[in-house]
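Below: the structure, in structure tokens.
The values are calculated or read from the model by the stated rules, or taken from the named source; none is laboratory data. Note that the structure is a prediction, hence the values are computed from the model and not measured. Positions of Cβ are generated from backbone atoms using ideal geometry, with glycine treated the same way; all protein chains shown enter the neighbour counts. Areas reflect the complete protein model, heavy atoms only, side chains present, ligands, DNA and RNA absent. Shrake-Rupley method; radii C 1.70, N 1.55, O 1.52, S 1.80 Å.
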Amino acid sequence: MRISKLSASKHKKGRILVQLDSGELLRICEREVVAFSLYVGKELTAQERAALENAARESGLKDRALSMLTTRPMSRKELADRLVERSDATEEEAGAVADELERLGLLNDRAYAETLVRHYAAKGYGPYRLREELRRRGVPGAYWDEALEELDDPAEAIDAFLRQKLHGRITDRRELKRVSDALARRGFHWSDISAALRRYDEALEEDSE
């Protein structure tokens, strides 16, 4: 089979259309033109065509993965799962793409764990909620403790939440339960919540003296 035409796609940047004299059309990426030394009039063997199509498929999946990572950081598992869900990639192909991006330093679960912890801690969430978020995002458990070690003492975040919700009021049992439950849902330990409530009461008593 002979290449009768090479042209850039009008609809997708970086894609090259390879027209064969049989009337077939191959869609490849720019890098395959160089890697396979393609030109109009070149004869392709069946083996060369198969290798070209495989390389183009790998490049397309890699480009898709890079596009996903520019939207937001991801864990290795998130990226591989999305490649399978949103393209026709097999689990093996998605894993190979993730491996390559890890080698290039574009995918790093340890750094991603630290980023997640900083982001959600800044939103006022506690360690239980942070662990759940790390689990939900597919971050390997081996990186959890290391990332969580960077957390500040939760006392400041809990005290700020109480000030915001209670506005210096004396509370009844029902309201105390409401704010305690809200803090628990945010992922704080009950011992830290109880200590913060004692500090709040002590501060009220001092203000009333």
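Annotation note: trypsin sites (Lys or Arg not before Pro) in the range 1-42 located in DSSP loop regions with a Cβ neighbour count of at most 10 within 10 Å are Lys10, Lys13. Leaving out ligands, DNA and RNA, and with a 1.4 Å probe, what % of the accessible surface on the range 112-169 is carbon or sulfur? On the range 112-169, the fraction of accessible area on carbon and sulfur atoms equals 45 percent. Counting only alpha carbon atoms, the long axis of helix 76-86 and the longest principal axis of the chain meet at about 60°.
About the centre of its Cα atoms, the chain shows a dipole size close to 1140 debye [charges on the beta carbon of Lys, Arg (+1) and Asp, Glu (-1) only; nearest 20 debye].
Sparsely packed loop sites in the range 118-209 (the trypsin sites (Lys or Arg not before Pro) outside DSSP H, G, I, E and B with at most 12 other Cβ atoms within 10 Å) comprise Lys123, Arg169. For Lys13, the lysines whose Cα comes closer than 28 Å to its Cα, not counting residues fewer than 8 places off in the same chain, are Lys5, Lys42, Lys62, Lys77.
Note on the range 18-50 and the range 91-165: Cα centroid distance 44 Å, given to the nearest whole angstrom. Quick one: grab the alpha carbon gyration tensor of the range 80-209, order the square roots of its eigenvalues as a ≥ b ≥ c, and give me rounded if a/c is under 1.5, else prolate or oblate depending on whether a/b is larger than b/c. It comes out prolate by the Cα gyration axes. Sites listed here are GluC sites (Glu not before Pro) in the range 1-59 whose DSSP assignment is loop and whose Cβ has at most 13 other Cβ atoms within 10 Å: Glu24.
Charged neighbours of Ala182, selected by a Cβ distance under 11 Å, balance to +3 (K, R count +1; D, E count -1). With the charge dipole of the chain set up from +1 on Lys and Arg Cβ and -1 on Asp and Glu Cβ about the Cα centre, the Cα lying farthest toward the positive end among the listed residues Trp190, Leu26, Gly60 is that of Leu26. Computed from Cα positions, the angle between helix 127-136 and the longest principal axis of the chain comes to roughly 20 degrees. Compute the long axis of helix 190-208 from its Cα atoms, compare it with the longest principal axis of the Cα atoms of the chain, and write down the angle in degrees, 0 to 90, nearest 10. The helix 190-208 is inclined about 50 degrees to the chain. What the Kirkwood sum gives for the range 1-137 is a hydrodynamic radius of 17.2 Å, with every pair of different alpha carbons counted. Shape class of the range 1-60 from the Cα gyration tensor (axes a ≥ b ≥ c, square roots of the eigenvalues): oblate, since a/c reaches 1.5 or more and a/b does not exceed b/c.
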